[in-house]
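Here's a structure for you.
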Amino acid sequence: MSARDAAPEGATVESAAFLEQLWLIRTLEEKLLELFSQGRLFGTTHTCIGQEAIAVAVGVHVREEDFVFSSHRCHGHYLAYGGPPEGLIAEIMGRATGVCGGRGGSQHLHYKNFFTSGVQGGIVGNGTGVALAQKLLNRPGITVVFLGDGTLGEGIVYESFNFASLHALPVLYVLENNRYAQTTPIDKAVAGSITARAAAFGIDAAEIESNDVFELDNVFRAAFHHVRERRRPFLQVVHTYRLAPHSKGDDFRDPAELAHWRTRDPLRLASKNLGEVESAAARTRATTMVKDAVRAAEQAPFAEATSVPVQTAQEIQAIAETPWAASNERFGRTLNEALHRLLGHDASALLVGEDLADPYGGAFGVARGLSTQFPERVISTPISEAGIIAWATGAALAGIRPIAELMFGDFAALAADQLINHTAKFASMYGQGVDVPLVVRAPMGGRRGYGPTHSQSLEAMFCGVPGLTVVAPSRFLDPHALLTRCLYELKRPALFVENKLMYGQTMHVVKNGRWEAFYVTSSGRSFPTLHFQLDPERTPEALLVCYGANTDLALEAARQLLLEHEIQADVVVCTLLAPLPFEEIAAFNRGARLMATIEEGAKEQGWGAEVIARFAEHFVGSEWMAERFGARRSPLPAAGPLEDGMLPQVADIVNTIARRLR
């Protein structure tokens, strides 16, 4: 429907369509509150009663090629975008016919190019990333991002304003100021001028106080034109009011204040302009439509757990040739060559991170030369880790294949909200084939004297996040093959854990199944599990399970155990950390009496603990011992001797295993 040329006093077919949309949103929201009070909905629900005019005035200007992002108060935006009401009601009622199959509920919706999330602020970054993709791919569409006044407390909003302005991105930020963040009034939460915040980043902005859909139609016609024609960001603030509670019954506002704003109800204003008869007829049609949608939802089956995809190691580990290292070049150099090949092969590949531009090329030089060769697709960002992951996630949703570099893996904590609540969830939560082909490169680990905030191994924090694949390259495997498999086979985000110590070390080349004194075999899969044996004919007494740079510790410990104690120890090196490829690890166990894990992260509640727990579940009744080697429960010091004392060493491994077995 269209009302672009409608005047408030002109009750034309086009302008009447506004009234139809307003009543559909209002009627559906009221029905949801009724269903909730009857216990017929799952979870919570946040209605937009009183704010419907904004959704309708925006929706009429959205084109098919545009993207729209919204937050928890999203039902009106969904309906104005063109989402079917039956799909929305079924979703909130937990039915299989819901728009996301019952997985997202009230706050997490996806329909065509429409996305919502219940975590405040994050979608501002994701929408900004989609606008980046639209610019890089030279697409005509723009991105619309809804946010509320309460969201102005989130730092990712300003990180995204800054980035959108720096890169002239076609994004329209629509701020609905309903004057309350849940129960906190705006004068207690937002200092200064809202539009001045955008202006500080060089973003044009405008504001209006209105619930009149016809007046807002003109406002948003101008706002959309600004973004479409200038291809630059714009902030449109609308001061409005929420007539219903924040969610269900949490309303502590002054009744007199509510009564005042009911006189400015967008339905009352539109009905006055178009006539009470037309309004009553529109309301009747909306009521019938909503009743039919509820009836259809109740006749549909409930969503079942079996319909939700569960990511497993078997799913990820498709059969593929083991990508052995081809030469003795330094690991950092091979990684650099891998990035050159990826960006040279695929025009949609993007590298984004801090200080990537030449001549610096990133903190460890891995990006050196890339910005010179691919100036449009290597983006040096502000210091904004949450933003980097948010923008890369949005770009991935829109067809880009981003590789995001965190300068230090420690800073993944700053991006944890995106990694956990957005990036990792989208593919499963939305239930409609959403792909997020994103690799997050994270330099982890100590032994370089960088101190407590630049030496951590935090990968175990993310191994338990569903939907996030965690991969740890070693010096035995070609990083190009591993990165390629992450970007093109997974279709989901991957955390690529690079131990910093490896950058300056040379690759290990396996020839004819041998590396030095070890016999080497692998699982032969996409992210191989490697098996090292000093004597294939002898039953090992110990099995050492590790990953990344800890491979060197494990192999040296195996040598010393045999030479000094006549203890045979096999070494298993995992490339896929999560989901854990336990079946592959277990298949390499040749009857060892002791199983030990080696990691550089804290051993308490770490990756090794999960490996041993899985062994305990699998080998019930067997007589075997377990040992974990990892960092002590303390921040890592900068001084070398102190740092060495906090991290596992070869001597610790050898002495402990010898003592346990003898």
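Bear in mind these aren't lab numbers, they're just calculated from the coordinates by the rules spelled out. Computed from a prediction, not measured in an experiment: that's the story for all the values here. Here Cβ is always computed from backbone atoms with ideal geometry, including for glycine, and neighbour counts include all displayed protein chains.
Excluding residues on the same chain fewer than 8 positions from Lys135, give the aspartates and glutamates whose Cα lies under 16 Å from its Cα.
In chain and number order, the partners are Glu65, Asp66, Glu229, Glu376.
Along each principal axis of its Cα atoms, how long is region 437-593 end to end? Whole angstroms, biggest number first, please.
Extents along the principal axes, in whole Å: 44, 36, 29.
May I ask for the net charge around Gln456, where only other residues with Cβ less than 10 Å from the Cβ of Gln456 are counted and Lys, Arg are +1 while Asp, Glu are -1?
Value of the local net charge: -3.
What do you get for Rg/Rh over region 514-661 if you use C-alpha atoms and the Kirkwood form of Rh?
That ratio equals 0.95.
Just the number, please: Stokes-Einstein D of the chain in µm²/s, Kirkwood Rh from C-alpha pairs, 4 °C, 1.567 mPa s.
48 µm²/s
How much of the pair distance distribution for region 13-301 lies past 28 Å, counting alpha-carbon pairs only, in percent?
Every Cα pair in region 13-301 considered, those over 28 Å come to 34 percent.
Could I ask something else about it? Between Ala300 and Ala587, what is the spin-label point distance in nm, taking each point 7 Å from the Cα along the Cα→C-beta axis?
Modelled inter-label distance: 4.0 nm.
Same structure, new question: Sorted by mean Cβ packing within 10 Å, highest first, what order do the peptides 373-384, 308-319, 79-90 take?
79-90, 373-384, 308-319
In whole Å and largest first, what semi-axes does the C-alpha gyration tensor of region 313-502 yield when each eigenvalue is scaled by 5 and square-rooted?
22, 19, 18
Pairs Lys31/Lys491; Lys112/Lys272; Lys112/Lys291: which exceed 29 Å Cα-Cα?
Result: Lys31/Lys491; Lys112/Lys272 exceed 29 Å.
In a solvent-free Debye calculation with one equal scatterer on each Cα, what is log10 I(q)/I(0) for region 268-318 at q = 0.13, 0.18 Å⁻¹, listed in the order of the q values?
The Debye formula, applied to the Cα set alone, gives -0.59, -0.74.
Once you sort the root eigenvalues of the Cα gyration tensor of region 410-500 as a ≥ b ≥ c, which label holds: rounded (a/c under 1.5), prolate (a/b larger than b/c) or oblate (the other case)?
Oblate.
What net charge do the residues around Val124 carry, taking every other residue with its C-beta under 14 Å from that of Val124, with Lys and Arg at +1 and Asp and Glu at -1?
With Lys, Arg at +1 and Asp, Glu at -1, the neighbours total -4.
Mean Kyte-Doolittle of at least 0.0 plus a Cα span of 20 Å or more along the axis: flag which DSSP H helices in the chain meet both, please.
Long hydrophobic helices here: 13-37, 122-136.
Roughly how many nanometres apart are two label points built 7 Å out from the Cα toward the Cβ at Arg264 and Glu30?
Placing both labels 7 Å beyond Cα along the Cβ direction yields 2.2 nm.
For a test of the definition: using alpha carbon positions, the gyration tensor, and the 1.5 limit on a/c, classify region 377-455 as rounded, prolate or oblate.
It comes out prolate by the Cα gyration axes.
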